[in-house]
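Reviewing the structure listed below.
The values are calculated or read from the model by the stated rules, or taken from the named source; none is laboratory data. Everything quoted here is computed from the prediction, not taken from an experiment. Here the Cβ positions follow ideal geometry from the backbone for every residue, glycine too, while neighbour counts run over all protein chains shown. Calculation scope for accessible area: heavy atoms of the full protein, side chains included, ligands and nucleic acids excluded. Shrake-Rupley method; radii C 1.70, N 1.55, O 1.52, S 1.80 Å.
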Amino acid sequence: MFAPNTLAGRVAFITGGATGIGLEIATQYSRLGASVVLASRNQERLDAAVEALSKEGAKVAAYRMDVRNPEEVEAAIAFTLERFGALDILVNNAAGNFPCPTATLSPNGWRTVIDIDLNGTFYCCSAAYEALKASRFGGSIISIITMLGVTGWPNAAHAAAAKAGILSLSRTLAVEWGGDGIRVNTISPGPIGDTVGVQRMYEETGRAEVEKKRTALGRFGQCADIANAAIFLGSDLSGYVTGDNLIVDGGRWLKYVAA
Ligand code: NAP
Ligand code: COA
């Protein structure tokens, strides 16, 4: 759907880029001409993703790191600059979550998810700032959140608060860093059928059909739907778009509010 050179010459750094939505973004980005760095904790998953992408000719590298560790994040950005000479697109996609009623959520359980999702996103934005400012295309930061951060998310208060925090951070940075040519946006996916999370939460528990009906379009999304939004926000197609939250949820949150 996009011209083959849509992302030609760009370098993207994608946290959680070895699985699910992050891997689909990395795959589509590289098919459209970008070099990609995948950053997450599990070396085996990183190696498998690099192998798969390399087979189709991608310019790809992996860096093992935990987004909760600012020194590791700094080192990963330095690695990216060393390997590919620039950084143009930062995709904050890594996240952690588990369902837990708030009444029994421990302080460390709360802290762990806030640390991965919100603090990790801040560390990545902060570490990438100078490189994004120097981008010849103008830097682009894209963070993957969810409208459940806006509506509230029973049994996932930690993840909801973290995603709401990322939305707020992104809007602040859009203004603070706009003068540096850096655009800052978020994407809010709805339930994405070809992810392990939705398979586990909905398909394996027999809730899939009910959850599909909760979307206006009556179906789950696909990782490719989110990758398409990330291509738009990472490229010149969205050159005048900043501080936006692109909702790609099949109308789920509106139907939820209207019900
Ligand atoms: P996923 O495959 O589990 O992706 C999460 C990624 O984050 C994994 O690659 C994981 O790799 C990485 N990660 C987790 N903790 C990390 C840490 N401390 N440091 C570095 N990397 C870490 O899930 P997904 O469904 O594709 O989700 C991707 C994004 O979309 C998330 O932000 C999620 O909240 C959002 N989202 C998903 C849906 C959905 O329906 N699936 C809906 C709305 C929003 P390692 O474990 O190897 O570190
Ligand atoms: N219910 C209640 N509390 C839980 C829990 C659950 N299902 N899973 C973890 N916790 C609590 C732990 O008990 C611990 O708190 P405590 O010290 O008070 O006991 C705290 O959370 C940290 O758990 P730990 O297992 O040490 O964290 P970790 O750093 O090894 O892993 C997670 C982080 C928990 C987020 C883990 O699920 C993860 O790595 N997830 C990444 C993949 C993912 O979540 N994908 C979905 C993307 S949206």
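Return only the number of the condition from (1) over 20 Å from Ile145 (Cα atoms); (2) open to solvent by less than 30 Å² (accessible area, probe 1.4 Å); (3) over 17 Å from the mean Cα position of the chain (by Cα) that Cys100 does not satisfy.
Of (1) over 20 Å from Ile145 (Cα atoms); (2) open to solvent by less than 30 Å² (accessible area, probe 1.4 Å); (3) over 17 Å from the mean Cα position of the chain (by Cα), only one is false for Cys100: (1).
Can you pull out the residues in region 63-107 that are of a type in the set (Val, Ile, Thr), under 16 Å from Ile14 (Cα atoms) and within 11 Å of ligand 2 (Cβ to nearest atom)? Break it down into steps so the answer makes sense when it comes.
Initial filter on region 63-107 (of a type in the set (Val, Ile, Thr)): 67, 73, 77, 80, 89, 91, 102, 104.
Imposing the further condition that a residue be under 16 Å from Ile14 (Cα atoms) reduces the set to 67, 73, 77, 80, 89, 91.
Residue satisfying the conditions is Val67 alone.
Take Ala62 and tell me if it is among the aliphatic types (A, V, I, L, M), in a strand (DSSP E or B) and over 26 Å from Leu237 (Cβ atoms). Walk me through how you get there before you give the answer.
Numbers: among the aliphatic types (A, V, I, L, M): yes; in a strand (DSSP E or B): yes; over 26 Å from Leu237 (Cβ atoms): yes.
Against the criterion (among the aliphatic types (A, V, I, L, M), in a strand (DSSP E or B) and over 26 Å from Leu237 (Cβ atoms)), Ala62 qualifies.
Can you find, within region 223-251, the residue that is surrounded by the most Cβ atoms within 10 Å (Cβ to Cβ) among those that are assigned to a loop (DSSP other than H, G, I, E, B) and β-branched (Val, Ile, Thr)?
To start, the set of residues in region 223-251 that are assigned to a loop (DSSP other than H, G, I, E, B) comprises 235, 239-244, 249-251.
Right, trim to β-branched (Val, Ile, Thr) and you get 241-242.
On the way: Val241: 14, Thr242: 21.
Filtering first and then ranking leaves Thr242.
Going through region 93-144 one residue at a time, which ones are in a helix (DSSP H, G or I) and away from ligand 1 (no atom under 16 Å from the Cβ)? Walk me through how you get there before you give the answer.
Of the residues in region 93-144, the ones in a helix (DSSP H, G or I) are 102-104, 107-133.
Thr102, Ala103, Thr104, Pro107, Tyr129, Glu130, Ala131, Leu132, Lys133, listed by residue number.
Does Gly190 satisfy the criteria of being open to solvent by less than 70 Å² (accessible area, probe 1.4 Å), within 16 Å of ligand 2 (Cβ to nearest atom) and closer than 22 Å to Val241 by Cβ?
Numbers: open to solvent by less than 70 Å² (accessible area, probe 1.4 Å): yes; within 16 Å of ligand 2 (Cβ to nearest atom): yes; closer than 22 Å to Val241 by Cβ: yes.
Yes, satisfied.
Residue by residue, here is whether (1) acidic (Asp, Glu); (2) crowded, with 19+ Cβ neighbours inside 10 Å; (3) in a helix (DSSP H, G or I); (4) within 14 Å of the chain's Cα centre (by Cα) holds:
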position	(1), (2), (3), (4)
Thr146	no, yes, no, yes
Asn155	no, no, no, no
Ala160	no, yes, yes, no
Ile166	no, yes, yes, yes
Gly197	no, no, yes, no
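Considering only region 30-63, state which residues are basic (Lys, Arg) and loosely packed, with under 15 Cβ neighbours inside 10 Å. Before you say what the answer is, go through the steps one by one.
Restricting attention to region 30-63, the residues satisfying the condition of being basic (Lys, Arg) are 31, 41, 45, 55, 59.
Within region 30-63, just Lys55 meets the criteria.
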